[in-house]
Amino acid sequence: MIGWTGDGEWGNDDVVEALKQRHSGSVRYTRYIRAPAPPDPQYRAMAHHASYDLIYRDPRLWDWSFTKHRPDAASEWGT
C-alpha cells in the first residue's frame, strides 16, 4: 500500500492497521513525503497524486510481486 503525507496526518494508517488484522498475508506501507503530479498531461493539475508512479518504478514492488504464486491457480481458471 502506498500514500503520501498529503493524505493527512495519519494518511492510510487506519487502512494499514485493518489489513494487518487479517488472518493471512502481510502488509507493507510506503508513505512518500512528496509525490509528483500524474505523468499524463491531462491530469497535471492533480499535483501530489501520483505516488503510484513512484511505486511502479520501485524494483522492490516487482521483486515482491514475482514471489507470489499459487501452483493451483491455472486449474482454478480452467486452463
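What to note about this one:
- Inter-residue pairs, beta-carbon under 7 Å, first on the phi < 0 side of the Ramachandran plot and of a type outside the set (Ser, Thr, Tyr) and in segment 57-68, second surrounded by 11 or more Cβ atoms within 10 Å (Cβ to Cβ) and outside any loop (DSSP other than H, G, I, E, B), 6+ apart: 61/55
- The number of residues in segment 46-76 that are at pLDDT 80 or above and assigned to a loop (DSSP other than H, G, I, E, B) comes to 9.
The values are calculated or read from the model by the stated rules, or taken from the named source; none is laboratory data. Bear in mind that the values here come from a model prediction, so they are computed numbers and not experimental data. Virtual Cβ from ideal backbone geometry, glycine too; neighbours counted across all protein chains shown.
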